[in-house]
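One structure is given here, and the rest of the page talks about it.
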Amino acid sequence: MKNDIRQALQERILVLDGAMGTMIQQYKLSEEDFRKGWFEDHEGDLKGNNDLLSMTRPDIIKEIHAKYLEAGADILETNTFSGTSIAQADYHLEKAAYNINYYGAKIAKEVAEEFTAKNPAKPRFVAGSIGPTNRTLSISPDVNDPGYRAITFEELVNAYKEQTKGLIEGGADLLLVETVFDTLNAKAALFAIEEVQNEMKTDLPIMVSGTITDASGRTLSGQTTEAFLISISHIPILSVGLNCALGASALRPYLQVLDQKSDFFVSAHPNAGLPNEFGEYDETPEMMASQIEDFLKEHLVNIVGGCCGTTPAHIKAIADVAAKYSPRQIKELAN
């Protein structure tokens, strides 16, 4: 599988799927949907904890995965963005973390295999989604105590190890450390992945995707795109990229930096523009595809997809445009 995806990336631009949360909202789910068969007696509200749906409503998550594959996606992200015990602590569901990842990967893999069987010339891959958690190692949450940290590196590593093991045992083909706003958190995830892969004797490719939080062109913890790249370049990753926070047009200058400075494949899965005053995303599939076409004309990327606000319609428009262009070639970098 590792060789398969590298081969595919050299031949064509691969398409990542779109937003999971945006699609889940369309189902108008009730509290019961988040409890069914697993958490019937759990105290406290669970509605909105979307990662649980891989266990409680796998039919819905499978349907969403299938819609993205039908739209032309090559890579499915698992429904595990908040699948660490740290993030699940908000719902007192720390003990559910392994199952969230195992079943999240398992059902995505089932759908991907079904589509690959239909068209073996277009293999579909499953990327285990590893989010940043709701804690940060680089910034104090207390303005009156700059040295305070809400979590330790070791605690993050342990949580990421559990998540990684669940994703691998559930059948993920690769691992996606995404929406990185604090590179130290990402380093904890990468260290955890390395440890787990050594223990399990696996060698899944790793994608890393950061997020630029504003017009300054920096991550939340203050790094420029180049600094972010340098900070993770000691790991033999498959790809480095950017996602979330900004729309496609605003990401372009930062993707140009990755194109020039990186000897990894480059990915981008931006939002459907910036959220409006209601928190909704207004960019149509055609608008978004047009902006992404600028990346493709410049040969800046190898993988494109969508983040917040994107739907199968967005992914179809992106896939249609991506099919017209050749992928970015990895450059020989000057010493």
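The values are calculated or read from the model by the stated rules, or taken from the named source; none is laboratory data. What you see is a predicted model; the values in this text were computed from it and never measured. So basically every Cβ, Gly included, is an ideal-geometry build from the backbone, and we count neighbours across all protein chains shown.
For this structure, a couple of remarks:
- Test: residue in the range 249-271 that is free of Cβ contacts under 8 Å to residues at least 60 places away in the same chain, within 25 Å of Ile318 (Cα to Cα) and among the acidic types (Asp, Glu): no
- Counted residues, the range 90-149 - those being in contact with a Leu (Cβ under 8 Å, 6 or more places away or on another chain) and not small (Gly, Ala, Ser): 17
- Total residues in the range 229-248, condition in contact (Cβ under 8 Å) with a residue 40 or more places away in the chain, in contact with a strand residue (DSSP E or B) (Cβ under 6 Å, 6 or more places away or on another chain) and outside any loop (DSSP other than H, G, I, E, B): 7
- In the range 4-24, residue farthest from Cys307 (Cα to Cα) [restricted to those that are part of a strand (DSSP E or B) and of a type outside the set (Val, Ile, Thr)]: Leu14
- In the condition set (1) of a type in the set (Ser, Thr, Tyr); (2) crowded, with 22+ Cβ neighbours inside 10 Å; (3) touching a residue at least 60 places away in the same chain (Cβ under 8 Å); (4) farther than 26 Å from Gln25 by Cα, Ser326 is compliant with all but (2).
- One residue alone among Ile230, Ile193 is closer than 24 Å to Phe153 by Cα, β-branched (Val, Ile, Thr) and buried (at least 22 other Cβ atoms within 10 Å of the Cβ), and that residue is Ile193.
- Criterion violated by Glu283 - all others in (1) of a type in the set (D, E, K, R); (2) buried (at least 17 other Cβ atoms within 10 Å of the Cβ); (3) under 21 Å from Val180 (Cα atoms) satisfied: (3)
- Leu175 vs. criteria touching a helix residue (DSSP H, G or I) at 6+ places or on another chain (Cβ under 7 Å), among the aliphatic types (A, V, I, L, M) and free of Cβ contacts under 8 Å to residues at least 60 places away in the same chain: yes
- Meets criteria (among the hydrophobic types (A, V, I, L, M, F, W, C), crowded, with 22+ Cβ neighbours inside 10 Å and part of a strand (DSSP E or B)) for Leu175: yes
- A residue that is within 20 Å of Leu14 (Cα to Cα) and either modelled with pLDDT under 95 or within 16 Å of the chain's Cα centre (by Cα) (or both) can be found somewhere in the range 109-116.
- The lone criterion from (1) surrounded by 22 or more Cβ atoms within 10 Å (Cβ to Cβ); (2) assigned to a loop (DSSP other than H, G, I, E, B) left unmet by Asp51 is number (2).
- In the range 93-104, the condition of being loosely packed, with under 15 Cβ neighbours inside 10 Å and in a helix (DSSP H, G or I) is met by at least one residue.
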